[in-house]
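Here is the structure we will look at.
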Amino acid sequence: MAAIADTAPHSTESFKQAWALVVGVAISSFSALLLELALTRLFSVVLFYHFAFLAISIALLGLGSGGVFAHIGKNWLARFLTRSILTGLCTTNAVAIPLVLTVVLHVPVSLDLSRANLLRLTVIYLSSAVPFFLTGLEFSILFARESSAISRLYGADLLGGALACLGIVPLLNGLGGPNTVLFAAFMAAAAGAVWASSANVRRLTIALAAALLLTIGANWSGNLFDVIYAKGLLRDKSWVEFARWNAISRVEVDRQGGAKAVVIDADASTYIMNADPAQWMGTDWEKNLMAAPPALANVLRPHGDFAIIGPGGGVDVLRAVVNGSPSVTGIEINPIIANTVMRERYAEYSHHLYERPNVHIHVTDGRSFVRNAAQNFDVVQMTLVDTWASTAAGAFALSENSLYTVEAFREYFEHLKPDGIIAITRWEFRRPREALRVVSVAMEALHQLGVQNPAANFIVVSEGALDEDGIPVVVLAKKSAFTAAEEESVKMHLLVQPKLQALYLPSAPKDNPFSALIASNDPYKFAEQYAYNVKPVNDNAPFFFFTLKLDQLLHDKNLGRGIDWKVNLGVVVLGMVLVISFLAVLAFLVLPLALGTGGPHTRPVRLLYFIAIGLGYILVEIAFIQRFVLFLGHPTYALTVVVFLMLLSSGAGSLASRRMLVQTRQAWIPPALIAGALVVYVLVLLWILNALVGLPLPVKFLVSAVLLVPLGFAMGMPFPSGLRALAGHGVEWAWAMNAGSSVLGSVLAMVIAIQFGLNVALASGAIAYVIASLLSKTLPVST
């Protein structure tokens, strides 16, 4: 390996130090991506899951603005040796990250769109960008000065990011959210130690790293860094009995009066059942639980086999057990709830409900379990399964959404016994949209299963009249028509429980949207004319909870008054983040370029190449994360597997690009191949994943590798090839433009997916690579 060159005079570094440089890049990249992933988890708790988008945008903006500063200040920076600058930046980063954590935990951001709230959000946005700015500055300087080793350094960058994807799950599970952020600071200090140019500096960075490890140990119980504000409200810790983080959510058990509730990400909650099944009759538990709409499933199938998706604290499980079900299968996605809370810490409190011989609890994604189940059930039940909790993948892979698609309902119907029932309970409003959309989705699924007119296949019952928001409504649906005896059983139960009201019975439809939808027998046409977007959703666009139409977002001044505002807020937040990101990119990336002099290698037409590459990569990555959730059965697996494989294979592609693309005029080949491959993926990927979904999990990991590694390998080539063509001139600008386009692309990908579906998002990535292939002709000719 050649000696490392430096723009500072009389600067030389040894062969051994060159290897340390590469290792330092990998460690620093590990720290940056780990921080980004940990912030998505943290933002989901202290803000709302919609704001997890911010972490992606913040990271990319910081990296890009660091590149801009490296270009503007390159004459001043040239006075310093490379390793001195890198060590200083890493040390500064290790100190900045705990300060950022303090800001995030102590600045309250609520749901309102006031100026003060927007200002607080901007404070979090800009302060959180500082560590990524330092990393962007660090990498831009390094890549500009060591352009001859760009493939090796870029490969190390991607390798470090890939390892962070592997590390995020065990770190969140073992350390929790705040401590994982502190561990990212520790890794930044470790990178500084690797790069240190003298023994004294190395001792200083090692001491800082040791101090951060001690801080993590001291914060094990959350006494130093913990959630102070959540959803804009000051948290009262006096009622918290238990709290634990993992890669899925933050779970705590709170005392609420005489009851105990599992609270997920300081928002959604589920009560722990404290009833003895042997002493059920005549108790308040029987009175209250049998007066709820989901109890109709137990009235119609008291001795049936139940599959309960999202059992939480066990309310549906308890109801099934005491009504005589011989087999209750619960599918809970969060191991803290299923194991730590229900089968360990609060097992005695819940009368060992989850340990009964007829109760079988599985920790996995509910949709994946049902589609792979060998048995059929009398009832498939979901009651208010909407955790509103972001996974480690950010808001790109919301686990609950895939449970409410047409394909999911088909799978539920297909895993019922001949006379089986699906029982889905959702919140409802004065103007129905959630339970109404359940009917819409179920109707389309029945149409696809050959039921031409399912008017007799539905029963809909609410807990009281729909004269206020937040009324639970159960939708019962069968593949066959409800019999007269079944309908009579429902009517008899309604007489005993006068609080319950029938919104739709086959023999007695009411004058309401449910009856109108079922009578239309065309959910798409009905949705076009209805005030809210209640058309069926599918796996290509699984955004069940976004029920607003565009004109409502623009003109409805009372939009924020419904309790589903925090769900539909996601659309507004997308717009807010897009605006903030656009202004930030304009201020920190584009404006300095317009005011500065970049030289002939940084003229805009050449920088467009790097914009197209950044946009294409992020569009493809986000679409794949969402697409692989169903296949792998868990959003955490989707994040880990997809991002790890793409970064690792892209790193290999970066290393190989130097030998495979010996001339700049060959740079058009990889993006053209990527675009062609993406067109094929749009056409066949979903079909392949659905066909192979029944394979064992380790085999599915291998299938994922076969599908993603060749594409990721090619996607790792265009960026370093373009940087080499610039020959060290304007590399900082190329880095900045690539990061800036990724900032906007991370939000744009979800806007496209919500509006047009994941296939269009993937196709948009293909278009970006086509543009990159054409723009490669504008790069300087080199050999």
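The values are calculated or read from the model by the stated rules, or taken from the named source; none is laboratory data. Predicted, not measured: the structure shown is a model, and the values here were computed from it. In this analysis, Cβ positions are derived from the backbone assuming ideal geometry, glycine residues included, and neighbour counts consider all displayed protein chains. Each accessible area value is taken on the protein alone, full model and side chains, heavy atoms only, with ligands, DNA and RNA left out. Shrake-Rupley method; radii C 1.70, N 1.55, O 1.52, S 1.80 Å.
Run the numbers on the chain and let me know its relative contact order in percent, using alpha-carbon pairs under 8 Å that are six or more apart. The value is 16 percent. Each peptide in 182-189, 117-124 was scored by the mean count of other Cβ atoms within 10 Å over its residues; highest first, the order is 182-189, 117-124. For residue 414 and residue 241, what is the calculated FRET efficiency with R₀ set at 45 Å and r taken between the beta-carbons, to the nearest 0.05? Working from the Cβ atoms, E equals 0.60. Alpha-carbon geometry of segment 54-163: the Rg and the Dmax are 16.1, 51 Å, given in that order. With a Förster radius of 41 Å, plug the Cβ-Cβ distance of residue 489 and residue 116 into 1/(1 + (r/R0)^6) and report the FRET value to the nearest 0.05. That gives a FRET efficiency of 0.15. Surface exposure of the chain, expressed per residue as accessible area with a 1.4 Å probe, stands at 36 Å². Peptides 700-712, 616-628 ordered by packing proxy, namely the average of other Cβ atoms within 10 Å per residue, highest first: 616-628, 700-712.
Ellipticity at 222 nm from helices only: DSSP H runs of n ≥ 4 in the chain, each -39500 (n - 2.57), divided by the residue count, give -18500 deg cm²/dmol. Taking every full run of DSSP H in the chain, the ones that stretch at least 27 Å from end to end by Cα along their long axis and average 1.6 or higher on the Kyte-Doolittle scale are 52-72, 565-585, 604-632, 669-691.
In this rough spin-label picture, where each label sits 7 Å from Cα along the Cβ direction, the residue 510-residue 78 distance is 7.8 nm. Overall, the ratio between the Cα radius of gyration of segment 433-539 and 2.2 N^0.38 Å, rounded to two decimals, is 1.04. Working ranking of peptides 276-289, 157-170 by packing, defined as the average number of other Cβ atoms within 10 Å per residue, highest first, is 157-170, 276-289. Seen from all directions on average, the chain presents a Cα convex hull projection of 32.6 nm². Once the Cα-Cα distance is subtracted from the 0.36 nm per residue extended length, the residue 751 to residue 453 segment shows a gain of 103.8 nm.
With N the number of residues in segment 652-717, Rg(Cα) / (2.2 N^0.38 Å) evaluates to 1.35. If a spin label sat at a point 7 angstrom from the Cα of residue 549 along the line to its beta carbon, the backbone N atoms of segment 502-532 nearer than 20 Å would be those of 512-532.
Element breakdown for segment 82-204 at a 1.4 angstrom probe: carbon and sulfur atoms account for 71% of the accessible area.
Ellipsoid fit via the Cα gyration tensor, segment 674-748: semi-axes of 33, 14, 12 Å, each the root of five times an eigenvalue, largest first. Please state the shape class of segment 435-487: rounded when a/c is under 1.5, otherwise prolate if a/b exceeds b/c and oblate if not, all from the C-alpha gyration tensor. Since a/c reaches 1.5 but b/c is at least a/b, the shape of segment 435-487 is classed as oblate.
Would you mind checking 260/549; 499/535; 260/491; 260/417 for any pair whose Cα atoms are more than 31 angstrom apart? Going by Cα-Cα distance, 260/549; 260/491; 260/417 fall outside the 31 Å limit. To the nearest whole percent, what portion of all C-alpha pairs in segment 479-531 is separated by more than 17 angstrom? For segment 479-531, the fraction of Cα-Cα distances above 17 Å is 49 percent. Seen through its C-alpha gyration tensor, with square-root eigenvalues sorted a ≥ b ≥ c, segment 155-208 comes out oblate because a/c lies at 1.5 or above while a/b is not bigger than b/c.
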